[in-house]
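*Asks:* Right, I'll just put the structure down here and ask away after.
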Amino acid sequence: MALAVALAAPQPSARAQDRADELAAHDLLWMEAVAAALAVVAIPDVDKVPAADVKTAQQRLERAVVRLIGSRPPVSRLPQHLAVLPFLQEVTAATLAVVDARDAGDAPGLASARGWLEQSVRRLSAALRMAGAGRS
Amino acid sequence: MSARAPTLLAVATAVVVRLLAPAAAGAQDRCPSAEACLAKSFGSHWTQYQELIEKAWGDKKRVADLLRKATAAGRTDLVARLTEEQAKIEARWRFADGVAQALTAPHFGAFLERHRDEAAREHAAARARSQRETDLYRRLVQSTIGPQRSGVIRDIASYEREAIELRKTFFRDGMLASASSLKESADVFAHGWKELATILVKSGLVEGNGIAGSVPYVQAMSALMGSGYAGFEVVHTGVAVAEATARNRNTEALIEATRGAAAATLRVAELLAASPASAAKQAAMREWIGAAGARTVVWANVLALGLDTALTVQATRLLREAEGRQVQVETSDARWRARVEAAARTAREAALREERAQRQLDRQHAIATLYERIRAERGH
(Lines give C-alpha, C1' and ligand atoms only; values in the text may rest on other atoms or scores of the structure.)
Protein backbone atom coordinates (compact mmCIF):
# COMPACT_ATOMS: atom_id res chain seq x y z
CA MET A 1 0.00 0.00 0.00
CA ALA A 2 2.81 2.40 0.96
CA LEU A 3 4.53 1.76 -2.35
CA ALA A 4 1.38 2.42 -4.40
CA VAL A 5 0.70 5.68 -2.51
CA ALA A 6 4.29 6.81 -3.04
CA LEU A 7 4.11 6.06 -6.75
CA ALA A 8 0.78 7.88 -7.10
CA ALA A 9 2.07 11.08 -5.43
CA PRO A 10 2.58 14.01 -7.82
CA GLN A 11 6.32 14.23 -6.99
CA PRO A 12 7.49 10.91 -5.61
CA SER A 13 10.52 11.12 -3.33
CA ALA A 14 13.83 9.80 -4.61
CA ARG A 15 13.65 7.05 -2.00
CA ALA A 16 10.27 5.86 -3.24
CA GLN A 17 11.54 5.93 -6.84
CA ASP A 18 14.57 3.86 -5.80
CA ARG A 19 12.28 1.34 -4.13
CA ALA A 20 10.08 1.11 -7.22
CA ASP A 21 13.15 0.68 -9.45
CA GLU A 22 14.57 -1.94 -7.08
CA LEU A 23 11.30 -3.90 -7.16
CA ALA A 24 11.01 -3.63 -10.94
CA ALA A 25 14.63 -4.73 -11.45
CA HIS A 26 14.19 -7.71 -9.14
CA ASP A 27 10.89 -8.70 -10.76
CA LEU A 28 12.53 -8.51 -14.19
CA LEU A 29 15.21 -10.96 -13.01
CA TRP A 30 12.50 -13.31 -11.83
CA MET A 31 10.53 -12.86 -15.04
CA GLU A 32 13.54 -14.09 -17.03
CA ALA A 33 13.67 -17.15 -14.79
CA VAL A 34 9.91 -17.63 -15.25
CA ALA A 35 10.21 -17.47 -19.03
CA ALA A 36 13.11 -19.94 -18.95
CA ALA A 37 11.25 -22.32 -16.61
CA LEU A 38 8.07 -22.25 -18.68
CA ALA A 39 10.13 -22.92 -21.81
CA VAL A 40 11.51 -26.09 -20.13
CA VAL A 41 8.02 -27.17 -18.99
CA ALA A 42 6.70 -26.61 -22.51
CA ILE A 43 9.06 -29.30 -23.92
CA PRO A 44 6.60 -32.17 -24.58
CA ASP A 45 8.96 -35.15 -24.37
CA VAL A 46 12.38 -34.39 -22.92
CA ASP A 47 13.69 -37.81 -23.90
CA LYS A 48 12.49 -37.60 -27.52
CA VAL A 49 13.08 -34.01 -28.75
CA PRO A 50 16.58 -33.16 -30.05
CA ALA A 51 19.07 -33.25 -27.17
CA ALA A 52 20.44 -29.84 -28.16
CA ASP A 53 17.03 -28.24 -27.61
CA VAL A 54 16.83 -29.56 -24.06
CA LYS A 55 20.41 -28.50 -23.37
CA THR A 56 19.78 -24.96 -24.64
CA ALA A 57 16.65 -24.61 -22.50
CA GLN A 58 18.46 -25.99 -19.43
CA GLN A 59 21.40 -23.66 -19.84
CA ARG A 60 19.14 -20.65 -20.18
CA LEU A 61 17.28 -21.62 -16.99
CA GLU A 62 20.56 -22.22 -15.16
CA ARG A 63 21.89 -18.77 -16.11
CA ALA A 64 18.68 -17.14 -14.88
CA VAL A 65 18.79 -19.09 -11.59
CA VAL A 66 22.43 -18.20 -10.98
CA ARG A 67 21.58 -14.50 -11.47
CA LEU A 68 18.74 -14.84 -8.97
CA ILE A 69 21.01 -16.55 -6.45
CA GLY A 70 23.52 -13.71 -6.75
CA SER A 71 20.86 -10.99 -6.45
CA ARG A 72 19.84 -8.98 -3.42
CA PRO A 73 16.04 -9.14 -3.20
CA PRO A 74 14.11 -6.17 -1.81
CA VAL A 75 12.97 -7.03 1.70
CA SER A 76 9.31 -7.07 0.62
CA ARG A 77 10.11 -9.81 -1.92
CA LEU A 78 12.12 -12.03 0.44
CA PRO A 79 9.25 -14.40 1.37
CA GLN A 80 8.51 -15.35 -2.24
CA HIS A 81 12.15 -15.30 -3.32
CA LEU A 82 13.41 -17.58 -0.53
CA ALA A 83 10.43 -19.94 -0.64
CA VAL A 84 10.29 -20.51 -4.40
CA LEU A 85 13.96 -20.31 -5.46
CA PRO A 86 15.03 -23.72 -4.02
CA PHE A 87 12.28 -25.45 -5.98
CA LEU A 88 13.21 -23.60 -9.14
CA GLN A 89 16.79 -24.76 -8.55
CA GLU A 90 15.52 -28.32 -8.28
CA VAL A 91 13.76 -28.06 -11.68
CA THR A 92 17.05 -26.77 -13.10
CA ALA A 93 19.01 -29.66 -11.58
CA ALA A 94 16.48 -32.25 -12.76
CA THR A 95 16.67 -30.88 -16.32
CA LEU A 96 20.46 -31.07 -16.09
CA ALA A 97 20.14 -34.71 -15.02
CA VAL A 98 18.07 -35.36 -18.19
CA VAL A 99 20.71 -33.65 -20.33
CA ASP A 100 23.57 -35.58 -18.67
CA ALA A 101 21.75 -38.91 -19.06
CA ARG A 102 21.06 -38.28 -22.75
CA ASP A 103 24.67 -37.20 -23.35
CA ALA A 104 25.91 -40.38 -21.68
CA GLY A 105 23.39 -42.67 -23.40
CA ASP A 106 22.34 -43.70 -19.87
CA ALA A 107 18.85 -45.19 -20.34
CA PRO A 108 18.14 -46.05 -16.65
CA GLY A 109 19.44 -42.60 -15.66
CA LEU A 110 17.17 -40.95 -18.23
CA ALA A 111 14.10 -42.82 -16.93
CA SER A 112 14.92 -41.71 -13.38
CA ALA A 113 15.71 -38.11 -14.42
CA ARG A 114 12.48 -37.78 -16.37
CA GLY A 115 10.50 -38.82 -13.29
CA TRP A 116 12.48 -36.38 -11.17
CA LEU A 117 11.74 -33.53 -13.60
CA GLU A 118 7.99 -34.23 -13.54
CA GLN A 119 8.00 -34.37 -9.73
CA SER A 120 10.10 -31.21 -9.38
CA VAL A 121 7.76 -29.20 -11.63
CA ARG A 122 4.83 -30.25 -9.43
CA ARG A 123 6.78 -29.24 -6.32
CA LEU A 124 7.55 -25.85 -7.86
CA SER A 125 3.86 -25.36 -8.56
CA ALA A 126 3.04 -26.31 -4.95
CA ALA A 127 5.73 -23.95 -3.63
CA LEU A 128 4.18 -21.08 -5.56
CA ARG A 129 0.77 -21.80 -4.04
CA MET A 130 2.38 -21.98 -0.60
CA ALA A 131 4.19 -18.66 -1.13
CA GLY A 132 0.91 -17.13 -2.27
CA ALA A 133 -0.84 -18.45 0.81
CA GLY A 134 1.70 -16.62 2.95
CA ARG A 135 1.02 -13.34 1.20
CA SER A 136 -0.99 -10.82 3.27
CA MET B 1 20.05 6.46 1.23
CA SER B 2 20.61 3.59 3.63
CA ALA B 3 23.82 1.63 3.33
CA ARG B 4 23.52 -1.38 1.07
CA ALA B 5 23.57 -4.70 2.79
CA PRO B 6 25.91 -7.21 1.21
CA THR B 7 24.58 -9.37 -1.59
CA LEU B 8 22.84 -12.23 0.14
CA LEU B 9 24.96 -14.99 -1.31
CA ALA B 10 27.86 -13.09 -2.81
CA VAL B 11 30.48 -15.45 -1.50
CA ALA B 12 28.52 -18.53 -2.41
CA THR B 13 27.80 -17.40 -5.97
CA ALA B 14 31.07 -18.63 -7.41
CA VAL B 15 30.66 -21.90 -5.57
CA VAL B 16 27.07 -22.24 -6.74
CA VAL B 17 28.01 -21.68 -10.39
CA ARG B 18 30.47 -24.57 -10.14
CA LEU B 19 28.04 -26.72 -8.23
CA LEU B 20 25.06 -26.11 -10.48
CA ALA B 21 27.03 -26.41 -13.72
CA PRO B 22 29.41 -29.29 -13.22
CA ALA B 23 30.34 -29.32 -16.89
CA ALA B 24 31.87 -25.89 -16.54
CA ALA B 25 33.85 -26.75 -13.42
CA GLY B 26 37.42 -27.82 -13.06
CA ALA B 27 37.99 -31.52 -12.71
CA GLN B 28 38.65 -31.26 -8.99
CA ASP B 29 35.38 -29.34 -8.39
CA ARG B 30 33.10 -31.53 -10.50
CA CYS B 31 30.01 -32.88 -8.73
CA PRO B 32 29.24 -36.53 -9.47
CA SER B 33 25.63 -35.70 -10.41
CA ALA B 34 23.06 -32.94 -10.68
CA GLU B 35 21.49 -34.14 -7.41
CA ALA B 36 24.86 -33.94 -5.62
CA CYS B 37 25.38 -30.41 -6.99
CA LEU B 38 21.96 -29.37 -5.78
CA ALA B 39 22.46 -30.81 -2.30
CA LYS B 40 25.80 -29.00 -1.94
CA SER B 41 24.29 -25.76 -3.19
CA PHE B 42 21.43 -25.96 -0.68
CA GLY B 43 23.85 -26.71 2.15
CA SER B 44 25.87 -23.64 1.20
CA HIS B 45 22.77 -21.44 1.04
CA TRP B 46 21.50 -22.42 4.48
CA THR B 47 24.94 -21.83 5.96
CA GLN B 48 25.04 -18.38 4.39
CA TYR B 49 21.56 -17.53 5.70
CA GLN B 50 22.50 -18.57 9.24
CA GLU B 51 25.78 -16.64 9.15
CA LEU B 52 24.05 -13.54 7.76
CA ILE B 53 21.52 -13.50 10.61
CA GLU B 54 24.06 -14.31 13.35
CA LYS B 55 26.55 -11.68 12.18
CA ALA B 56 23.99 -8.90 11.69
CA TRP B 57 22.51 -9.54 15.13
CA GLY B 58 25.92 -9.83 16.75
CA ASP B 59 27.09 -6.55 15.20
CA LYS B 60 23.86 -4.79 16.20
CA LYS B 61 24.33 -5.85 19.83
CA ARG B 62 28.01 -4.98 19.85
CA VAL B 63 27.53 -1.45 18.52
CA ALA B 64 24.56 -0.80 20.84
CA ASP B 65 26.74 -1.82 23.78
CA LEU B 66 29.64 0.40 22.64
CA LEU B 67 27.26 3.33 22.12
CA ARG B 68 25.87 2.94 25.64
CA LYS B 69 29.38 2.97 27.10
CA ALA B 70 30.52 5.96 24.97
CA THR B 71 27.42 7.93 25.96
CA ALA B 72 27.93 7.14 29.64
CA ALA B 73 31.56 8.25 29.35
CA GLY B 74 30.55 11.48 27.65
CA ARG B 75 32.65 10.70 24.57
CA THR B 76 30.73 12.78 22.03
CA ASP B 77 33.28 12.07 19.28
CA LEU B 78 32.81 8.33 19.67
CA VAL B 79 29.05 8.70 20.03
CA ALA B 80 28.86 10.44 16.65
CA ARG B 81 30.92 7.75 14.91
CA LEU B 82 29.09 4.91 16.58
CA THR B 83 25.70 6.43 15.74
CA GLU B 84 26.70 6.47 12.09
CA GLU B 85 27.93 2.89 12.32
CA GLN B 86 24.71 1.89 14.04
CA ALA B 87 22.61 3.26 11.16
CA LYS B 88 24.56 1.12 8.66
CA ILE B 89 24.24 -1.98 10.81
CA GLU B 90 20.54 -1.30 11.31
CA ALA B 91 20.08 -1.46 7.51
CA ARG B 92 21.91 -4.81 7.41
CA TRP B 93 19.83 -6.08 10.28
CA ARG B 94 16.56 -5.11 8.56
CA PHE B 95 17.58 -7.29 5.62
CA ALA B 96 18.76 -10.17 7.82
CA ASP B 97 15.57 -9.91 9.86
CA GLY B 98 13.54 -10.10 6.64
CA VAL B 99 15.46 -13.26 5.69
CA ALA B 100 14.86 -14.79 9.13
CA GLN B 101 11.16 -14.00 9.06
CA ALA B 102 10.76 -15.47 5.58
CA LEU B 103 12.62 -18.68 6.43
CA THR B 104 10.86 -19.24 9.76
CA ALA B 105 7.32 -18.43 8.58
CA PRO B 106 5.07 -21.25 9.87
CA HIS B 107 3.59 -22.00 6.42
CA PHE B 108 7.10 -22.38 4.97
CA GLY B 109 8.17 -24.77 7.74
CA ALA B 110 4.98 -26.79 7.25
CA PHE B 111 5.62 -26.90 3.50
CA LEU B 112 9.16 -28.24 4.00
CA GLU B 113 7.73 -30.95 6.28
CA ARG B 114 5.17 -31.92 3.63
CA HIS B 115 7.96 -31.89 1.03
CA ARG B 116 10.04 -34.24 3.23
CA ASP B 117 7.05 -36.56 3.75
CA GLU B 118 6.32 -36.61 0.03
CA ALA B 119 9.97 -37.40 -0.74
CA ALA B 120 9.78 -40.29 1.75
CA ARG B 121 6.64 -41.63 0.05
CA GLU B 122 8.22 -41.35 -3.40
CA HIS B 123 11.27 -43.24 -2.13
CA ALA B 124 9.13 -45.98 -0.59
CA ALA B 125 7.10 -46.34 -3.79
CA ALA B 126 10.23 -46.43 -5.96
CA ARG B 127 11.81 -49.05 -3.68
CA ALA B 128 8.69 -51.22 -3.80
CA ARG B 129 8.54 -50.99 -7.58
CA SER B 130 12.21 -51.88 -7.89
CA GLN B 131 11.73 -54.97 -5.71
CA ARG B 132 8.70 -56.02 -7.68
CA GLU B 133 10.42 -55.61 -11.06
CA THR B 134 13.41 -57.59 -9.83
CA ASP B 135 11.23 -60.35 -8.42
CA LEU B 136 9.19 -60.67 -11.62
CA TYR B 137 12.34 -60.78 -13.73
CA ARG B 138 13.86 -63.46 -11.50
CA ARG B 139 10.73 -65.60 -11.79
CA LEU B 140 10.70 -65.14 -15.56
CA VAL B 141 14.33 -66.21 -15.83
CA GLN B 142 13.73 -69.24 -13.61
CA SER B 143 10.58 -70.43 -15.34
CA THR B 144 11.11 -72.61 -18.38
CA ILE B 145 8.17 -74.99 -18.22
CA GLY B 146 4.80 -74.05 -19.74
CA PRO B 147 2.50 -73.65 -16.71
CA GLN B 148 5.16 -71.83 -14.63
CA ARG B 149 5.96 -69.47 -17.48
CA SER B 150 2.33 -68.71 -18.25
CA GLY B 151 1.79 -68.06 -14.54
CA VAL B 152 4.57 -65.47 -14.58
CA ILE B 153 3.22 -63.97 -17.78
CA ARG B 154 -0.24 -63.67 -16.19
CA ASP B 155 1.32 -61.91 -13.19
CA ILE B 156 3.22 -59.53 -15.47
CA ALA B 157 0.03 -58.72 -17.39
CA SER B 158 -1.92 -58.04 -14.18
CA TYR B 159 0.97 -55.93 -12.91
CA GLU B 160 0.80 -53.84 -16.07
CA ARG B 161 -2.95 -53.39 -15.67
CA GLU B 162 -2.46 -52.34 -12.07
CA ALA B 163 0.26 -49.87 -13.08
CA ILE B 164 -2.00 -48.34 -15.71
CA GLU B 165 -4.84 -47.96 -13.17
CA LEU B 166 -2.48 -46.39 -10.62
CA ARG B 167 -1.24 -43.99 -13.26
CA LYS B 168 -4.79 -43.03 -14.17
CA THR B 169 -5.61 -42.27 -10.54
CA PHE B 170 -2.47 -40.22 -10.14
CA PHE B 171 -3.19 -38.04 -13.14
CA ARG B 172 -6.88 -37.69 -12.33
CA ASP B 173 -5.93 -36.43 -8.87
CA GLY B 174 -3.29 -34.23 -10.41
CA MET B 175 -5.86 -32.71 -12.73
CA LEU B 176 -8.23 -32.01 -9.85
CA ALA B 177 -5.45 -30.31 -7.89
CA SER B 178 -4.60 -28.28 -10.99
CA ALA B 179 -8.26 -27.33 -11.43
CA SER B 180 -8.47 -25.95 -7.88
CA SER B 181 -5.37 -23.86 -8.28
CA LEU B 182 -6.42 -22.85 -11.79
CA LYS B 183 -9.50 -21.18 -10.35
CA GLU B 184 -7.35 -19.15 -7.96
CA SER B 185 -4.91 -18.20 -10.72
CA ALA B 186 -7.72 -17.36 -13.11
CA ASP B 187 -9.31 -14.97 -10.61
CA VAL B 188 -6.03 -13.11 -10.15
CA PHE B 189 -5.38 -13.01 -13.86
CA ALA B 190 -8.85 -11.84 -14.81
CA HIS B 191 -7.91 -8.62 -13.02
CA GLY B 192 -4.16 -8.54 -13.55
CA TRP B 193 -4.28 -9.39 -17.23
CA LYS B 194 -6.59 -6.49 -18.09
CA GLU B 195 -4.29 -4.02 -16.34
CA LEU B 196 -1.21 -5.55 -17.95
CA ALA B 197 -2.76 -5.38 -21.42
CA THR B 198 -3.40 -1.63 -20.96
CA ILE B 199 0.12 -1.00 -19.70
CA LEU B 200 1.77 -3.01 -22.50
CA VAL B 201 -0.17 -1.09 -25.15
CA LYS B 202 0.92 2.19 -23.54
CA SER B 203 4.56 1.01 -23.55
CA GLY B 204 4.41 -0.01 -27.18
CA LEU B 205 5.02 -3.67 -26.27
CA VAL B 206 2.11 -4.93 -28.31
CA GLU B 207 3.45 -7.29 -30.97
CA GLY B 208 2.62 -10.89 -30.08
CA ASN B 209 2.03 -10.08 -26.43
CA GLY B 210 -0.26 -13.08 -26.23
CA ILE B 211 -2.67 -11.46 -23.78
CA ALA B 212 -5.59 -12.29 -26.06
CA GLY B 213 -4.58 -15.97 -25.88
CA SER B 214 -5.51 -16.06 -22.21
CA VAL B 215 -9.02 -14.67 -22.61
CA PRO B 216 -10.62 -17.97 -23.83
CA TYR B 217 -8.97 -19.72 -20.88
CA VAL B 218 -10.49 -17.32 -18.35
CA GLN B 219 -13.88 -17.66 -20.08
CA ALA B 220 -13.65 -21.48 -20.14
CA MET B 221 -12.68 -21.53 -16.45
CA SER B 222 -15.72 -19.40 -15.60
CA ALA B 223 -17.99 -21.77 -17.57
CA LEU B 224 -16.48 -24.81 -15.83
CA MET B 225 -16.79 -23.30 -12.38
CA GLY B 226 -20.37 -22.32 -13.24
CA SER B 227 -21.17 -25.95 -14.05
CA GLY B 228 -19.70 -27.09 -10.74
CA TYR B 229 -16.59 -28.96 -11.95
CA ALA B 230 -18.86 -31.24 -14.02
CA GLY B 231 -16.18 -31.66 -16.66
CA PHE B 232 -13.49 -32.85 -14.26
CA GLU B 233 -15.85 -35.07 -12.29
CA VAL B 234 -16.40 -37.38 -15.24
CA VAL B 235 -12.64 -37.80 -15.60
CA HIS B 236 -12.34 -38.50 -11.89
CA THR B 237 -14.85 -41.35 -12.09
CA GLY B 238 -12.70 -43.15 -14.61
CA VAL B 239 -14.36 -42.24 -17.87
CA ALA B 240 -11.78 -41.94 -20.63
CA VAL B 241 -10.65 -38.41 -21.45
CA ALA B 242 -11.76 -38.84 -25.08
CA GLU B 243 -15.23 -39.85 -23.97
CA ALA B 244 -15.40 -37.11 -21.34
CA THR B 245 -14.53 -34.40 -23.82
CA ALA B 246 -17.09 -35.80 -26.29
CA ARG B 247 -19.78 -35.80 -23.59
CA ASN B 248 -19.08 -32.47 -21.97
CA ARG B 249 -18.25 -29.47 -24.10
CA ASN B 250 -17.02 -27.55 -21.05
CA THR B 251 -14.22 -30.11 -20.56
CA GLU B 252 -13.17 -30.00 -24.19
CA ALA B 253 -13.28 -26.17 -24.22
CA LEU B 254 -11.25 -26.01 -21.03
CA ILE B 255 -8.55 -28.37 -22.29
CA GLU B 256 -8.24 -26.41 -25.53
CA ALA B 257 -8.25 -23.10 -23.68
CA THR B 258 -5.69 -24.42 -21.18
CA ARG B 259 -3.37 -25.34 -24.03
CA GLY B 260 -3.78 -21.81 -25.42
CA ALA B 261 -3.19 -20.22 -22.02
CA ALA B 262 -0.03 -22.26 -21.44
CA ALA B 263 1.39 -20.99 -24.72
CA ALA B 264 0.14 -17.44 -24.08
CA THR B 265 1.66 -17.32 -20.60
CA LEU B 266 5.00 -18.40 -21.97
CA ARG B 267 4.82 -15.61 -24.59
CA VAL B 268 3.97 -13.03 -21.90
CA ALA B 269 6.84 -14.22 -19.71
CA GLU B 270 9.24 -14.01 -22.70
CA LEU B 271 7.99 -10.52 -23.42
CA LEU B 272 8.54 -9.36 -19.85
CA ALA B 273 11.83 -11.21 -19.32
CA ALA B 274 14.87 -9.14 -18.54
CA SER B 275 16.95 -10.10 -21.53
CA PRO B 276 17.17 -8.14 -23.62
CA ALA B 277 16.12 -5.40 -21.17
CA SER B 278 14.66 -2.24 -22.63
CA ALA B 279 13.47 1.08 -21.27
CA ALA B 280 9.93 0.19 -22.38
CA LYS B 281 10.02 -3.08 -20.39
CA GLN B 282 11.42 -1.36 -17.32
CA ALA B 283 8.69 1.29 -17.50
CA ALA B 284 5.97 -1.33 -18.03
CA MET B 285 7.19 -3.38 -15.06
CA ARG B 286 7.36 -0.28 -12.80
CA GLU B 287 3.84 0.72 -13.74
CA TRP B 288 2.44 -2.79 -13.34
CA ILE B 289 4.08 -3.04 -9.94
CA GLY B 290 2.28 0.15 -9.00
CA ALA B 291 -1.02 -1.32 -10.18
CA ALA B 292 -1.62 -5.07 -10.00
CA GLY B 293 1.89 -5.67 -8.71
CA ALA B 294 1.30 -3.69 -5.53
CA ARG B 295 -1.31 -6.28 -4.51
CA THR B 296 0.60 -9.30 -5.64
CA VAL B 297 3.98 -10.52 -6.87
CA VAL B 298 3.93 -10.28 -10.65
CA TRP B 299 6.39 -13.02 -11.60
CA ALA B 300 4.87 -15.48 -9.11
CA ASN B 301 1.46 -15.19 -10.72
CA VAL B 302 2.79 -15.56 -14.24
CA LEU B 303 4.78 -18.64 -13.22
CA ALA B 304 1.86 -20.14 -11.27
CA LEU B 305 -0.52 -19.79 -14.22
CA GLY B 306 2.09 -21.08 -16.65
CA LEU B 307 2.87 -24.15 -14.53
CA ASP B 308 -0.75 -24.96 -13.73
CA THR B 309 -1.83 -24.82 -17.34
CA ALA B 310 1.25 -26.75 -18.53
CA LEU B 311 0.73 -29.44 -15.86
CA THR B 312 -2.93 -29.85 -16.84
CA VAL B 313 -2.00 -30.19 -20.52
CA GLN B 314 0.71 -32.71 -19.58
CA ALA B 315 -1.66 -34.69 -17.34
CA THR B 316 -4.22 -34.84 -20.13
CA ARG B 317 -1.64 -36.08 -22.63
CA LEU B 318 -0.20 -38.71 -20.29
CA LEU B 319 -3.64 -39.93 -19.30
CA ARG B 320 -4.58 -40.37 -22.96
CA GLU B 321 -1.33 -42.32 -23.53
CA ALA B 322 -2.01 -44.58 -20.55
CA GLU B 323 -5.54 -45.27 -21.73
CA GLY B 324 -4.42 -46.06 -25.25
CA ARG B 325 -1.48 -48.27 -24.29
CA GLN B 326 -1.86 -51.99 -25.08
CA VAL B 327 -0.89 -54.40 -22.34
CA GLN B 328 2.39 -55.81 -23.54
CA VAL B 329 3.70 -59.04 -22.17
CA GLU B 330 7.37 -58.42 -21.71
CA THR B 331 9.41 -61.45 -22.56
CA SER B 332 12.55 -59.88 -23.99
CA ASP B 333 15.38 -60.49 -21.56
CA ALA B 334 17.29 -57.34 -22.56
CA ARG B 335 14.25 -55.10 -22.09
CA TRP B 336 13.52 -56.65 -18.70
CA ARG B 337 17.08 -56.01 -17.54
CA ALA B 338 16.71 -52.37 -18.66
CA ARG B 339 13.45 -52.08 -16.69
CA VAL B 340 15.06 -53.55 -13.57
CA GLU B 341 18.05 -51.20 -13.87
CA ALA B 342 15.83 -48.15 -14.38
CA ALA B 343 13.67 -49.04 -11.37
CA ALA B 344 16.74 -49.59 -9.16
CA ARG B 345 18.29 -46.33 -10.27
CA THR B 346 15.05 -44.44 -9.63
CA ALA B 347 14.88 -45.92 -6.12
CA ARG B 348 18.49 -44.95 -5.32
CA GLU B 349 18.01 -41.38 -6.50
CA ALA B 350 14.69 -41.05 -4.66
CA ALA B 351 16.59 -42.00 -1.48
CA LEU B 352 19.04 -39.13 -2.05
CA ARG B 353 16.18 -36.68 -2.55
CA GLU B 354 14.58 -37.84 0.70
CA GLU B 355 17.87 -37.20 2.51
CA ARG B 356 18.13 -33.73 0.98
CA ALA B 357 14.55 -32.87 2.00
CA GLN B 358 15.31 -33.95 5.58
CA ARG B 359 18.50 -31.87 5.68
CA GLN B 360 16.58 -28.80 4.44
CA LEU B 361 14.07 -29.26 7.24
CA ASP B 362 16.84 -29.70 9.83
CA ARG B 363 18.57 -26.49 8.67
CA GLN B 364 15.27 -24.59 8.73
CA HIS B 365 14.70 -25.79 12.31
CA ALA B 366 18.20 -24.58 13.26
CA ILE B 367 17.46 -21.10 11.93
CA ALA B 368 14.07 -21.10 13.67
CA THR B 369 15.84 -21.88 16.97
CA LEU B 370 18.36 -19.10 16.34
CA TYR B 371 15.65 -16.58 15.51
CA GLU B 372 13.64 -17.60 18.57
CA ARG B 373 16.68 -16.83 20.72
CA ILE B 374 17.14 -13.45 19.00
CA ARG B 375 13.48 -12.58 19.52
CA ALA B 376 13.81 -13.46 23.21
CA GLU B 377 16.84 -11.17 23.50
CA ARG B 378 14.88 -8.41 21.82
CA GLY B 379 12.12 -8.91 24.35
CA HIS B 380 9.44 -10.20 21.93
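The values are calculated or read from the model by the stated rules, or taken from the named source; none is laboratory data. Computed from a predicted model, the values in this text were never measured in an experiment. With ideal geometry, Cβ positions are generated from the backbone for all residues, glycine too; neighbour counts draw on all protein chains shown. Surface areas here come from the heavy atoms of the whole protein model, side chains and all, with no ligands, DNA or RNA. Shrake-Rupley method; radii C 1.70, N 1.55, O 1.52, S 1.80 Å.
*Asks:* How much length is gained on full extension from A:Asp103 to A:Ala25, taking 0.36 nm per residue of separation minus their Cα-Cα distance?
*Replies:* Additional length available on full extension: 24.5 nm.
*Asks:* If you don't mind, another one. For segment A:48-106, treating each Cα as an identical point scatterer without solvent, what Debye log10 I(q)/I(0) comes out at q = 0.14, 0.17, 0.23 1/Å?
*Replies:* Listed by q, the Debye log ratios stand at -0.46, -0.61, -0.89.
*Asks:* Tell me the total accessible area that A and B bury against each other, 1.4 angstrom probe, in square angstrom rounded to 100.
*Replies:* 6600
*Asks:* With the crude spin-label approximation of a point 7 Å out along Cα→Cβ, what separation in nm comes out for B:Ala36 versus B:Asp65?
*Replies:* Placing both labels 7 Å along Cα→Cβ, they lie 4.3 nm apart.
*Asks:* Here's something else I'd like to know. What ranking do A:32-40, B:128-136 get when scored by the average of other Cβ atoms within 10 Å per residue, highest first? Show your work: numbers first, answer last.
*Replies:* On the way: A:32-40: 25.1, B:128-136: 16.1.
So the peptides A:32-40, B:128-136, ranked by packing, come out A:32-40, B:128-136.
*Asks:* If you put +1 on each Lys and Arg Cβ and -1 on each Asp and Glu Cβ, how big is the dipole of segment B:26-107 around its Cα centre, in Debye rounded to 20?
*Replies:* The calculation lands at about 260 debye.
*Asks:* Right, here's the next one. Based on the Cβ-Cβ distance from B:Glu51 to B:Ala279, what FRET efficiency comes out when R0 is 35 Å, to the nearest 0.05?
*Replies:* 0.35
*Asks:* Before I look further, what does segment A:23-77 give for accessible area per residue, probe 1.4 Å, in whole square angstrom?
*Replies:* Numbers: 1800 Å² over 55 residues.
Using a 1.4 Å probe on heavy atoms only, each residue of segment A:23-77 averages 33 Å².
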